[in-house]
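Accompanying notes for the structure given below.
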Amino acid sequence: MFEWETDQMTTRTFFLGSLAVLPALFSDHSPLLLPRGSDVVILPTAAAFTGATEAAVATSTAIEQAGHVVEALMVTDRASANEPYFAQRACDAAAIVVTDGSALHARSTWRDTPLGEALRAASVLVVIGESTTVLGEHMIDPRGGAPTTGLNYRPGAVVTTLTSSEQRQRSRDLLANGEVLIELGPLGIVANDNGDWLALSASDVYASRAGVDITLNSR
């Protein structure tokens, strides 16, 4: 499913349309390139209102099956995001996986915190579902499809999951002309490789600029 060049990579961020494609990303032929037994932490912050423990357990299954060591960091509010231990634990991990959930809650929890800075600096970061929109300079407000301020951890494109056709058109109409919008269906995977945006799945990745469809590079 994947091909990936390994030269000169320092930051790899993977945006997944849903939890369903996490096993493929953690498969032996994935561009994730983690040796078996790697230290992986899960951040269920976005799932604070829908069940952080359940989200962490569901996310950890695919990762453990790939032979990695997994720990969930139960950061669900700003107080815990400001805890030095959690920030250091995230910095020390080989990869950070962010669960699906509320993008708005994740943004407010991580912004201007030590844990947020650990996310910004992560060399391998995996973000699932609605949480994918948080990392850009701009994000899509899931309540109506309008662009708003994101965390600016991975600038260069506005990433979101597919919603209704009305919200989709609203997002396209309201974005500045130069901004790239990447919409992910449930099977979609894109990567930010040191600032280059790449489509990693054969389907469910839709990119546009100024309302006109464009094609992302792929590997």
Considering only residues of the range 114-131 that are more than 13 Å from Thr45 (Cα to Cα) and of a type in the set (Val, Ile, Thr), which is surrounded by the most Cβ atoms within 10 Å (Cβ to Cβ)? Val126
Scan Pro23, Pro31, Pro35, Pro84 and give me the residue that is touching a Phe, Trp or Tyr at 6+ places or on another chain (Cβ under 8 Å) and either of a type outside the set (Val, Ile, Thr) or without any contact (Cβ under 8 Å) to a residue 60 or more places away in the chain (or both). Pro31
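Answer yes or no as to whether Gly178 is part of a loop (DSSP other than H, G, I, E, B), in contact with a strand residue (DSSP E or B) (Cβ under 8 Å, 6 or more places away or on another chain), loosely packed, with under 14 Cβ neighbours inside 10 Å and not polar (S, T, N, Q). Even if it seems obvious, please write down each step before you answer.
On the way: part of a loop (DSSP other than H, G, I, E, B): yes; in contact with a strand residue (DSSP E or B) (Cβ under 8 Å, 6 or more places away or on another chain): yes; loosely packed, with under 14 Cβ neighbours inside 10 Å: yes; not polar (S, T, N, Q): yes.
Criteria met by Gly178.
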Residue selected from the range 194-219 under the condition under 22 Å from Pro142 (Cβ atoms) and not polar (S, T, N, Q), by the criterion surrounded by the most Cβ atoms within 10 Å (Cβ to Cβ): Val205
Only one of Pro155, Pro142 is at pLDDT 90 or above, under 24 Å from Pro44 (Cα atoms) and part of a loop (DSSP other than H, G, I, E, B); which? Pro155
Thr160 hydroxyl-bearing (Ser, Thr, Tyr), in a strand (DSSP E or B) and over 14 Å from Tyr206 (Cα atoms): no
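Suppose the filter is over 22 Å from Pro31 (Cα atoms) and either touching an Asp or Glu at 6+ places or on another chain (Cβ under 9 Å) or without any contact (Cβ under 8 Å) to a residue 40 or more places away in the chain (or both); does Ser171 pass it? Let's see the steps before the verdict.
On the way: over 22 Å from Pro31 (Cα atoms): yes; either touching an Asp or Glu at 6+ places or on another chain (Cβ under 9 Å) or without any contact (Cβ under 8 Å) to a residue 40 or more places away in the chain (or both): yes.
When the stated conditions are applied, Ser171 passes them.
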Among the residues in the range 99-121, are any closer than 22 Å to Pro31 by Cβ and of a type in the set (Val, Ile, Thr)? yes
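Restricting the search to the range 81-92, which residues are in a helix (DSSP H, G or I) and surrounded by fewer than 17 Cβ atoms within 10 Å (Cβ to Cβ)? Outline the logic, then answer.
Initially, the range 81-92 is screened for residues in a helix (DSSP H, G or I), giving 81, 84-92.
Of everything in the range 81-92, those that are in a helix (DSSP H, G or I) and surrounded by fewer than 17 Cβ atoms within 10 Å (Cβ to Cβ) turn out to be Pro84, Tyr85, Gln88, Asp92.
Do you know which of the residues in the range 175-219 that are among the acidic types (Asp, Glu) and at pLDDT 95 or above is nearest to Thr133 (Cα to Cα)?
Narrowing the range 175-219 to residues among the acidic types (Asp, Glu): 179, 183, 193, 196, 204, 213.
Now drop any that are not at pLDDT 95 or above, which leaves 183, 204.
Numbers: Glu183: 9, Asp204: 16 Å.
Only one residue fits best here, namely Glu183.
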Looking for whichever is within 15 Å of the chain's Cα centre (by Cα), surrounded by fewer than 22 Cβ atoms within 10 Å (Cβ to Cβ) and not aliphatic (A, V, I, L, M) here; the options are Gly101, Gly145, Gly150, Gly136. Which one fits? Gly150
Quick test for you: out of Ala191, Ala106, pick the one residue that is surrounded by 19 or more Cβ atoms within 10 Å (Cβ to Cβ), of a type in the set (Gly, Ala, Ser), assigned to a strand (DSSP E or B) and under 14 Å from the mean Cα position of the chain (by Cα). Ala191
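The values are calculated or read from the model by the stated rules, or taken from the named source; none is laboratory data. Bear in mind that the values here come from a model prediction, so they are computed numbers and not experimental data. Glycine gets a Cβ as well: all are built from the backbone with ideal geometry, and neighbour counts include every protein chain shown.
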